[in-house]
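Have a look at the structure below before the remarks.
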Amino acid sequence: MNEDELNRTVAEAQQRITSILPTINDMVEHNQRRVLTAFQHHRVSEMHMHGSTGYGYNDRGRETLDAVFADLCGAQAALVRPHIASGTHAIAAALFGVLRPGDEIVFLTGEPYDTLLPVLGHVGDGRGSLRDWGVHVTCIPLSPQGEISWDIAEVAMTKRVKVVAIQRSRGYNWRPAFSLDTIRDIVSWVKQRSASAVTFVDNCYGEWVEMVEPTHPSVGVDLMAGSFIKNVGGGLAPTGGYVAGRQDLVQHAAARLIAPGVGQEIGSYVGGLRLFYQGLFMGPHVVGQALQGAVFCAALMEQLGFTVSPRWDARRTDIIQAIAFAHERALISFIQAIQQASPIDAHATPIPAAMPGYADAVIMAAGTFVQGSSIELSADAPLRPPYIAYVQGGLTYAHVKWAVVAAAKRLLCEGYL
Ligand SMILES: *Cc1c(COP(=O)(O)O)cnc(C)c1O
């Protein structure tokens, strides 16, 4: 392939996806209206943007943000906190909040995301992990097609099971994400076997990609958690995470996160909550831009001969685009090219390195305004075969398109096309 042929392929990819882009715009319009209505219903005011100090008792900004977010999730309650350091922290607070020694948690969707393995006690020294607390952890491996292994799950679903956990997004795995239709079926399967089992969803990367969230009554999940520097923060939230769901369960998570008795009542943030509110408001639009970018990326990379997941015309339930490379070198070049096409630290060259919470060396392109924010254009890859890049985010479609084209040009120059 030469550069002219590559340019023609880019134009063809853009042409091919013209039928998909409007369906994403429809989703954005629906979710944007939901956000607007929730803000108006809760009478969000300028005063809610200002920070508080000390204990933060009666911080109306914090309380209103929780109420708005709970509404958007179709949930009874929510905990949106700058004090939640990451998605992993949010998930850990939710799980440690609900589980007690002797209880069992079953992960129906295979081994969870890398950073959760130390939380379970599967890697690392295990100190402070769920296992260390006497919680029994079972992970049901997915089938080779990435589906739930129902026969194994059936046997695992004993009376002792307190939490059934589902990871919606593909994470760092070559498997489809679990749509809300599938999650609805999982919830009813669980409830038929145990009315008291709590269904939990790791909702990272899933927010705003469908019409509702997993805790909406039409899906029926009891509790979920996620990060504010992914989808919901709209690229503006500077940090933070959330837990949302049934009031009693959110209260457990708050007790774990802060302390029993004061969990939902305290927590000041002197910086003010404007970027959380504004990020929430921008979220549907930004997720739409990221999704359209992912669709373009899938169409172009597939046309260039790479295997991609999901394909450009697939229904999506997360923002991640996975691309498989035959060579480790090509993977590294691709990630470096994405970094080079970033607004921040474009001059830096990412190299594979050990990362806290990850088992394999990881290479990450994250030329982002907010450190590590993956609703901004970012690309990561654990250095293990098969060599897969996980690309996600993008504040504007034009940026994603430009960056992916630049990466394709680099692959061309280096003889991989
Ligand atoms: C990002 C992510 C996490 C962890 O979130 P951090 O904010 O990186 O701690 C957990 N699960 C999934 C599926 C994720 O994508």
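The values are calculated or read from the model by the stated rules, or taken from the named source; none is laboratory data. This one's a predicted model, so the numbers in the text were calculated from it and none came from an experiment. Please note: Cβ atoms are built from the backbone with ideal geometry, for glycine as well, and neighbour counts cover all protein chains shown. Keep in mind that these areas ignore ligands, DNA and RNA; they rest on the heavy atoms of the full protein, side chains included. Shrake-Rupley method; radii C 1.70, N 1.55, O 1.52, S 1.80 Å.
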Unmet criterion (only one of (1) of a type in the set (A, V, I, L, M); (2) within 13 Å of the ligand (Cβ to nearest atom); (3) open to solvent by less than 10 Å² (accessible area, probe 1.4 Å)) for Ile229: (3)
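Test Gly126 against the criterion of being at pLDDT 95 or above and more than 16 Å from the ligand (Cβ to nearest atom), and give yes or no. Quick ask: steps written out before the conclusion?
Working: at pLDDT 95 or above: no; more than 16 Å from the ligand (Cβ to nearest atom): yes.
Criteria not met by Gly126.
Take residues that are open to solvent by less than 10 Å² (accessible area, probe 1.4 Å), within 16 Å of the ligand (Cβ to nearest atom) and touching an Asp or Glu at 6+ places or on another chain (Cβ under 8 Å) and tell me which of the strands (runs of 3 or more DSSP E) falling wholly in region 325-392 contain 2 or more.
Numbers: elements: 362-365, 378-382, 387-392.
Hits in region 325-392: 362-365, 387-392.
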Leading residue by the ranking (farthest from Thr109 (Cα to Cα)) among those in region 200-225 that are more than 16 Å from the ligand (Cβ to nearest atom) and among the hydroxyl-bearing types (Ser, Thr, Tyr): Ser218
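Mind checking which helices (runs of 4 or more DSSP H) fall wholly inside region 1-106 and carry at least 2 residues that are away from the ligand (no atom under 16 Å from the Cβ) and more than 30 Å from Val119 (Cβ to Cβ)? Quick ask: steps written out before the conclusion?
Numbers: elements: 3-16, 21-41, 60-72, 87-98.
Ranges flagged: 3-16, 21-41, 60-72.
Mind listing just one residue for me: the one in region 182-198 that is among the polar types (S, T, N, Q) and away from the ligand (no atom under 16 Å from the Cβ) and, of those, least open to solvent (accessible area, probe 1.4 Å)?
Result: Ser194.
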Residue check, Val123 within 23 Å of His89 (Cβ to Cβ), touching an Asp or Glu at 6+ places or on another chain (Cβ under 9 Å), in a loop (DSSP other than H, G, I, E, B) and of a type in the set (A, V, I, L, M): yes
Only one of Ser179, Ser143, Ser149, Ser169 is within 15 Å of the ligand (Cβ to nearest atom), open to solvent by 10 Å² or more (accessible area, probe 1.4 Å) and either at pLDDT 95 or above or closer than 30 Å to Gln321 by Cα (or both), namely Ser179
